[in-house]
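Read through the structure below, which is laid out as structure tokens, and then see the notes.
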Amino acid sequence: MNRQPRALLSVLLIGVIAFVAWRWWSGARPDSPDGGTEIVFSETSTRGGTLTSSLRSEPRTFNRLVARDVPTELFSTFTGSKLVRVNRATQEVEPSIAESWTVSSDNKTWTLKLRDGVTWSDGTPFTSADVLFSFQAIYDPKVESLVASSLMIGGKPMTVTAPDARTVVITLPATAGPGIALLDNLQLFAKHKYEGALKKGTLAREMGVAAPPSEFATLGPFVLKSYTPGQRIIFDRNPRYWKKDAAGIQLPYLDQVILEIVPDQNAEVVRLQAGQIDTLQQHIRLEDIATLRPLEQQGKLRLIELGVSTDPDAFFFNLRSTYWEKDRRRDWITRKEFRRAISHAVDREAFANTVFLGAGVPIWGPVTTGNQKWFSPNIQRYDHSVERARELLAELGLTNRDSDEWLEDAKGTEARFTVLVFRGNSSLERGATVLRDELKKAGVAVDIVPLEQGLVIDRMLKGDFESIFMAFTATSLDPGLNADFWLSSGSAHVWNMRQPKPATDWEKQIDDLMVTVIGNVDQTERYKAFLEIQKIFADNLPVLYFVAPRLYMGVSTRVGGVTPSILRPQLLWNVERMTVQQAR
Amino acid sequence: MGRYLLTRLVFALLLVFIVSSAAWLLTRVVPGTFVDQECVTLSPKECDDLRKRLGLDRPLWAEYLSWLSHAVRFDFGESLLYSRPVGPLIVERAANTAMLATIALVAATLIGIPLGIYSGTRAGIGRAIVRTLSVIAVSVPPLIGSLALVFLASRTGWFPVGGMSSAGGAEMTWAAWLADVARHLPLPALALAIPMAATLERLQSEAIAASSREPFVAASRARGVARARSILSHAWPVSLRPILGLYGVMIGTLFSGSFIVEVVTSWPGLGRLMWDALKARDLFLVAGCAATGALFLAAGTLIADLLLAYTDPRVRSGERA
């Protein structure tokens with residue numbers, strides 16, 4: 001027997017064995033994560049149990065003053081309490097440790113009454129001195145806190161006094177449009193624990209990931225039990241938590257929350273499928289939904305639609321005039337007509353189908369229907385029309401002057417530009433490809449340059465780019481709290497950052513209207529001003545938006561008390577009221 | 001022998017210095033720094049303060065000299081990402097990687113070498129099956145192999161889908177913790193071991209086939225030594241030379257951590273640490289991880305050379321001469 005038939009026979013044999021194994025294996029999936037016993041859910045249990053979620057990255061620190069990444073944010077959600085908090089589902093301000101408050105007639109002074117009997121997790125009573133200390137820590141220049149600017153009005157700090165142990169008086173340097181919702185940014189720190197560190201100037205280094213959990217004094221529903229680098233963070237129920245439900249039962253309902261650190265998104269989904277985690281850190285990729293549907297049909301998983309994303313992918317040109325002054329394309333590339341032509345040229349339906357597998361809605365501005373409070377349905381829309389795009393381009397002098405498929409200006413310069421995109425982000429990379437293909441139909445060439453995320457941001461900060469297609473994460477749905485994006489002086493005014501004075505009339509108009517959005521306490525006036533801002537924005541299109549995806553969360557059916565929010569952490573923001581049905 | 005070891009030690013130190021310096025410098029000069037993402041939403045002053053606090057505001061040469069002056073004392077600075085000294089961070093993760101690498105290496109050896117001896121000295125359908133399987137295993141990229149194993153684990157429940165231990169490990173007795181880790185080991189260990197075993201099988205198969213044709217093997221058979229004994233006692237030791245050469249690289253690669261396998265299987269090892277450090281542009285941690293990897297590579301090649309001298313009589317006699 002020569003070698004060839006033998007090799008063929010062996011391949012055939014392996015194939016048969018693999019097929020038989022597959023058939024057997026297809027019916028072999030265990031019903032429980034432990035691979036043996038079937039979980040029978042208790043019908044009545046709401047108290048106790050462990051909820052397990054994933055976490056994509058490691059915590060750098062547990063100190064919210066110096067970090068605001070997802071792990072630190074979750075730590076602060078689980079272990080912290082606020083004076084007042086913004087309900088992530090309703091967007092309304094609700095009392096927390098401050099049980100009530102009054103506002104002065106000039107809207108510049110808030111007097112807050114603190115709850116009686118609140119204690120830190122180590123048993124020390126919580127008083128107004130802790131609130132004073134927290135403000136002091138946040139504003140201390142030695143701490144270099146990342147949250148300081150969010151608690152300043154016009155760059156000036158608030159003045160805080162404490163007439164007695166349960167009263168806090170906060171005086172603002174000017175009126176604040178978002179009102180007392182600003183205090184949602186205030187993280188409270190235990191004076192008895194960290195006063196020494198603040199005096200020594202070492203507070204920024206406190207609450208590190210290596211600190212023993214017993215050193216933390218917190219106010220939230222959970223306390224840190226352990227952090228095992230690379231593996232998990234475990235939180236135990238805080239028996240001293242101050243909050244009770246309507247029936248008088250002390251919260252939280254859960255005994256424990258575990259955050260399993262799973263850096264790979266594919267592995268994260270597999271763990272959810274296997275029932276080893278109850279929910280994911282963030283929304284499910286649209287391409288994974290089909291994989292998870294069978295589990296939903298089996299009653300093991302719930303897929304919750306959160307609504308339309310409030311952070312759609314954005315496409316923008318560099319609008320700094322200095323960048324283009326020596327470029328042959330300067331006569332047309334920064335003109336709003338060019339951006340309008342692009343908006344007309346892109347078929348948003350095709351975009352939604354290709355990039356978001358059909359689960360997306362066309363949009364024409366940064367505020368999507370996911371942000372119902374501030375969304376404006378009446379902004380300028382640019383319907384899909386390649387003909388209209390070509391007309392606008394022709395008005396800019398861009399016509400096809402040779403035999404190729406691209407347009408040229410009068411000097412013969414091709415209508416071509418480069419777009420930077422985050423490498424490895426599948427929806428952005430697909431989106432950039434759709435943009436290139438759609439603009440090709442209008443005669444505009446797009447060169448896609450996928451770069452590592454840090455590199456794109458570096459180029460953006462330095463203003464060294466032609467155009468970028470990227471995603472932003474808004475810190476709040478209230479535009480008054482995202483002023484850096486709208487104001488021409490803002491550090492997130494991505495198309496032309498940190499302008500000493502507005503470069504264009506329309507940016508000045510937006511700056512002027514933002515004064516109302518930031519500082520006026522009349523919500524109707526604020527809304528009217530912001531509608532006008534959206535109109536100006538849609539007219540000038542400094543940033544183009546095409547489609548916002550619908551977001552979905554996956555959560556095990558054993559989890560109850562879920563109140564989804566479009567803002568992160570989408571489910572865990574209300575972890576104190578979540579429950580799990582426990583296996584008997 | 002002493003002189004040889006000293007030379008290898010100097011070589012190892014030089015390798016560690018060059019690799020860690022190159023890693024530090026490359027991470028530093030590539031556009032984009034650790035603080036850039038934070039700076040998007042910070043005022044220029046806040047951004048400058050952050051750079052100053054992290055020591056990223058000095059000229060390149062000043063930063064490098066400062067880092068180097070500490071690095072020569074094996075102090076690789078403080079991780080920007082974790083705000084902790086790099087040394088203990090690496091030791092923590094290196095221990096996890098070492099455990100995984102040892103198991104994977106042993107598994108690969110126990111699977112690959114016997115199969116290689118078998119396929120290199122036999123003919124027939126068995127040999128063809130082994131060779132076909134090894135081609136498949138060598139061809140599958142580590143990412144796909146790891147994901148396939150994760151998928152297998154989730155479908156069958158034979159072993160945990162990922163991680164190194166179960167929640168509550170801290171409260172377990174030492175023996176229970178060890179048993180728990182042993183339950184978590186098969187997934188990442190197999191993901192690492194399967195392609196290595198296949199490589200070893202292919203190399204061993206070719207090597208033993210060649211050494212079996214050597215005159216001294218024929219002579220042993222002529223003296224009446226049984227075939228199996230002749231192969232194992234005479235042909236096999238000689239065939240180990242290329243295998244042990246590969247071992248050096250394997251040890252270095254395995255012990256410096258495979259980031260793909262560690263990321264996919266959520267194993268908290270050195271590869272994953274380096275990957276996180278690279279993503280965040282944490283130059284101190286990148287340099288520390290690179291230095292550790294280089295150290296393992298140097299140690300791996302040294303161990304392989306010593307093993308070679310021990311197993312191959314020709315090498316030993318060469319040394320005596």
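Okay, residues lined up against (1) within 20 Å of the chain's Cα centre (by Cα); (2) within 13 Å of chain B (Cβ to nearest Cβ):
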| position | (1), (2) |
| --- | --- |
| A:L259 | yes, yes |
| A:P263 | yes, yes |
| A:Q276 | no, yes |
| A:P312 | yes, no |
| A:S321 | no, no |
Looking at A:I566 and the list (1) in contact (Cβ under 8 Å) with a residue 60 or more places away in the chain; (2) surrounded by fewer than 19 Cβ atoms within 10 Å (Cβ to Cβ); (3) in a loop (DSSP other than H, G, I, E, B), which single condition is not satisfied? (2)
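To keep it simple, each residue is scored yes or no on (1) under 29 Å from the mean Cα position of the chain (by Cα); (2) more than 25 Å from A:N520 (Cα to Cα); (3) surrounded by fewer than 16 Cβ atoms within 10 Å (Cβ to Cβ); (4) of a type in the set (F, W, Y).
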| site | (1), (2), (3), (4) |
| --- | --- |
| A:L74 | yes, yes, no, no |
| A:T79 | yes, yes, no, no |
| A:Q91 | yes, no, no, no |
| A:S104 | no, no, yes, no |
| A:S145 | yes, yes, no, no |
| A:T159 | no, no, yes, no |
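Just need a number here: residues in segment A:426-439 that are within 13 Å of A:H344 (Cα to Cα) and either among the aliphatic types (A, V, I, L, M) or loosely packed, with under 15 Cβ neighbours inside 10 Å (or both).
Going through segment A:426-439, the residues within 13 Å of A:H344 (Cα to Cα) turn out to be A:435, A:438-439.
Still in the running and either among the aliphatic types (A, V, I, L, M) or loosely packed, with under 15 Cβ neighbours inside 10 Å (or both): A:435, A:439.
So the answer is 2.
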Which condition breaks for B:K279 when tested against (1) within 14 Å of another protein chain (Cβ to nearest Cβ); (2) under 21 Å from B:T27 (Cβ atoms); (3) within 15 Å of the chain's Cα centre (by Cα)? (3)
Filter the helices (runs of 4 or more DSSP H) completely within segment B:146-262 down to those with at least 1 residues that are within 14 Å of chain A (Cβ to nearest Cβ) and over 25 Å from the mean Cα position of the chain (by Cα). B:186-211
Among the residues of segment A:131-140, is there at least one that is at pLDDT 95 or above, of a type outside the set (S, T, Y) and more than 30 Å from B:E78 (Cα to Cα)? yes
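Out of segment A:278-310, which residues are within 12 Å of chain B (Cβ to nearest Cβ) and either touching a Leu at 6+ places or on another chain (Cβ under 7 Å) or of a type in the set (K, R) (or both)?
The first filter runs over segment A:278-310 and keeps only residues within 12 Å of chain B (Cβ to nearest Cβ), leaving A:291, A:295.
Residue satisfying the conditions is A:L295 alone.
Going through B:I125, B:I113, B:I129 one at a time, which residue ends up being surrounded by fewer than 23 Cβ atoms within 10 Å (Cβ to Cβ), within 29 Å of B:W267 (Cβ to Cβ) and in contact with a Leu (Cβ under 7 Å, 6 or more places away or on another chain)?
Details: B:I125 fails: within 29 Å of B:W267 (Cβ to Cβ); B:I129 fails: within 29 Å of B:W267 (Cβ to Cβ).
Step by step, each of B:I125, B:I113, B:I129 is checked, and only B:I113 is surrounded by fewer than 23 Cβ atoms within 10 Å (Cβ to Cβ), within 29 Å of B:W267 (Cβ to Cβ) and in contact with a Leu (Cβ under 7 Å, 6 or more places away or on another chain).
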Test set (1) away from every other protein chain (no Cβ under 14 Å); (2) touching a residue at least 12 places away in the same chain (Cβ under 8 Å); (3) in a helix (DSSP H, G or I) - B:W61 fails condition number: (2)
Qualifying position, being within 14 Å of chain A (Cβ to nearest Cβ) and not in a helix (DSSP H, G or I), among B:L50, B:L80: B:L80
Could you tell me which numbered condition B:E92 fails, if it satisfies all but one of (1) more than 15 Å from B:W267 (Cβ to Cβ); (2) part of a helix (DSSP H, G or I); (3) at pLDDT below 90? (1)
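From A:G123, A:G177, A:G154, which residue is of a type outside the set (F, W, Y) and out of contact with any helix residue (DSSP H, G or I) (no Cβ under 9 Å at 6 or more places or on another chain)? Give the derivation first.
Working: A:G177 fails: out of contact with any helix residue (DSSP H, G or I) (no Cβ under 9 Å at 6 or more places or on another chain); A:G154 fails: out of contact with any helix residue (DSSP H, G or I) (no Cβ under 9 Å at 6 or more places or on another chain).
On inspection, the qualifying residue turns out to be A:G123.
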Selected residue (criterion: nearest to the other protein chains (Cβ to nearest Cβ)) from residues of segment A:126-143 that are surrounded by fewer than 17 Cβ atoms within 10 Å (Cβ to Cβ) and outside any helix (DSSP H, G or I): A:P141
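Would you tally the residues in segment A:433-456 being of a type in the set (A, V, I, L, M), in a helix (DSSP H, G or I) and within 14 Å of chain B (Cβ to nearest Cβ)?
Initially, segment A:433-456 is screened for residues of a type in the set (A, V, I, L, M), giving A:434-435, A:439, A:442, A:444-446, A:448-449, A:451, A:455-456.
Cutting the leftovers down to in a helix (DSSP H, G or I) gives us A:434-435, A:439, A:455-456.
Those left that are additionally within 14 Å of chain B (Cβ to nearest Cβ): A:455-456.
The number of residues fulfilling the criteria is 2.
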Just to be sure, is A:S226 out of contact with any Ser or Thr (no Cβ under 6 Å at 6 or more places or on another chain), within 14 Å of chain B (Cβ to nearest Cβ) and within 30 Å of B:S146 (Cβ to Cβ)? yes
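Is it the case, given these coordinates, that B:F151 is touching a helix residue (DSSP H, G or I) at 6+ places or on another chain (Cβ under 9 Å), surrounded by fewer than 17 Cβ atoms within 10 Å (Cβ to Cβ) and of a type outside the set (A, V, I, L, M)? Even if it seems obvious, please write down each step before you answer.
Values: touching a helix residue (DSSP H, G or I) at 6+ places or on another chain (Cβ under 9 Å): yes; surrounded by fewer than 17 Cβ atoms within 10 Å (Cβ to Cβ): yes; of a type outside the set (A, V, I, L, M): yes.
Yes; evaluated as a whole, the condition is true for this residue.
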Looking only at segment A:495-552, and only at residues there that are among the basic types (K, R) and outside any loop (DSSP other than H, G, I, E, B), the one that is modelled with the lowest pLDDT: A:R550
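The values are calculated or read from the model by the stated rules, or taken from the named source; none is laboratory data. A quick note: this is a predicted structure, and the numbers were derived from the prediction, not measured. With ideal geometry, Cβ positions are generated from the backbone for all residues, glycine too; neighbour counts draw on all protein chains shown.
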